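Only one structure is covered here, and it is reproduced in the block below.
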Amino acid sequence: MGTIYKLISNLVAIAFGVIFIPIVLLLLIFTPLMAISSAIKIISSGYSVTSDYINVMISVVVLTYLSLRFRNLRRIYFAFPSLFETIKYLIIANLFIAIGTDVLNWSHITLDPGRQKLGIAVFVLSLVLWRVFVSIYYSKKPITNFMPKPEERMQNYSTKA
């Protein structure tokens with residue numbers, strides 16, 4: 001029974017790593033580009049556009065949570081050590097950009113110029129806050145601290161060393 005469980009868990013981990021992780025990475029890479037292009041369309045035309053960036057973020061965060069929650073799916077992060085940090089950075093970026101774009105979209109539902117200027121200011125503020133947050137976070141926890149060092153990989157079981 002244990003070997004069947006291991007075989008099934010390995011197949012699920014491989015399928016998750018081959019199917020879902022590339023989809024998550026593509027969504028995380030291209031969603032900010034689409035959101036910023038939507039924001040440019042909103043600002044230039046003065047009208048709102050359809051956007052589901054928050055829904056995309058929720059689905060990506062759920063998939064990432066599932067990959068971190070189950071030990072068998074977590075193996076992909078051991079195979080690719082920088083994958084978790086990349087996904088974490090892209091989720092933070094997408095969160096700030098998606099919120100800014102949704103507020104900008106909300107502000108352009110009506111043709112009130114004051115509300116539209118407020119939406120543009122909030123969008124720019126969300127971009128600035130994203131950069132400030134990421135700068136502060138990675139100044140306190142540099143990425144080099146997350147990567148294993150060569151001396152940590154080596155284990156010496158000799159008592160004389």
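Just so it is clear, none of the values below were taken in a lab; they were calculated from the coordinates. Keep in mind that this is a model prediction, so the values were computed, not measured. Glycine also receives a Cβ, built like all others from the backbone with ideal geometry; neighbour counts cover every protein chain displayed.
Points to keep in mind about this one:
- Within the stretch 97-131, being in a loop (DSSP other than H, G, I, E, B) and in contact (Cβ under 8 Å) with a residue 12 or more places away in the chain holds for His108, Ile109, Leu111.
- Cβ pairs under 6 Å, 6+ apart, first in the stretch 1-27 and farther than 15 Å from Phe84 by Cβ, second assigned to a helix (DSSP H, G or I) and among the hydroxyl-bearing types (Ser, Thr, Tyr): none
- Here the stretch 45-96 is the region considered, the condition is being touching a residue at least 60 places away in the same chain (Cβ under 8 Å) and part of a loop (DSSP other than H, G, I, E, B), and the residue that is nearest to the chain's Cα centre (by Cα) is Ser82.
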